[in-house]
Structure formats: C-alpha cells, structure tokens
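Below you'll find the structure, written out as structure tokens, and then a few comments.
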Amino acid sequence: MTGAAGQPLGLDTLVRLGRGRPGPDPAPGPPVPEGMTTPLGCDAVAVPDRLAALIVPRLPRVGCVYADGARWWWIVPADSDYALPWPAPAEYVPGAPVPATARLLRRPAATVPYTPPIPLYLALCRLTGTTPEWSRPVTA
C-alpha cells in the first residue's frame, strides 16, 4: 500500500488506518523529561493507587510513571492495546492525556519513557486475578 506521494506506508500508519484512529497529535500526552524522545508515540495505562505500588517490583524495567493522587499513569508505546483488553480497574488511555496536576514519580535512566507493556499487562492480570487474553479458551 502506498501513500499520496507514492511512498510505502509505515506499519504504524497502517495500524492506525485499520483501527480508525487519527494520526499522532502534535503535542500528545505528558511532557517527557528533558533528554527523552518518544519514537513510538505515547499512550498511558492508568492504575488506581492501591494497585500501582504492587506493580513496580513485578516489572523488569519501569519507564516514566506519573501520579495524580488517585492513579498512577504508566507511559507505554502507542497502540499497546492492539488486540489486548487491559484488565479492570486499569484504564488504557490513547494519547496519554495525563492530568496537568500529575507529578513525575519515576524516570528511567533510558532515553525513552516507556514501561514495557507486556510485563505491565501480565503484572496487572496477576494482581487483579484476570486470565491474560491469549490464555482464554477460544469459543466458536
């Protein structure tokens, strides 16, 4: 598939078109700390405070995490919800619209703000007693 200029479309564009999502926002999500880039875009997973602190020791790496008093906001690459329903009470939020009142709790040493989404998903499943989507029986 090619774009208007005859150049091939990238995978991120094809996924967005297939999902009917708009293109990247010129100023999405929270301001990332100086020296960081977001080459994969930004979405967020909002987790209630009562679960959030229990997640940290279960992760191999923690990216930028913001807190607003009620929830922690984990920054993940855009489209980390593709074919993956996140377990309640977590909320997957495209574009990472972290509240302006949120403060940065954790900052990785890396140059990208991302928490790896699959370990985060598995930690949330474990803490909420939810069976991961790919482990559920297929019904006809």
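See the values below:
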{"quantity": "Gain upon complete extension [residue 134, residue 49; 0.36 nm per residue less C-alpha separation]", "calculated": "27.9 nm"}
{"quantity": "Relative contact order of the range 59-140, defined on C-alpha pairs under 8 angstrom at six or more residues apart (%)", "calculated": "42"}
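No value in this document is a laboratory result; all are computed from the given coordinates. Keep in mind it's a predicted model, so treat the numbers as computed, not measured.
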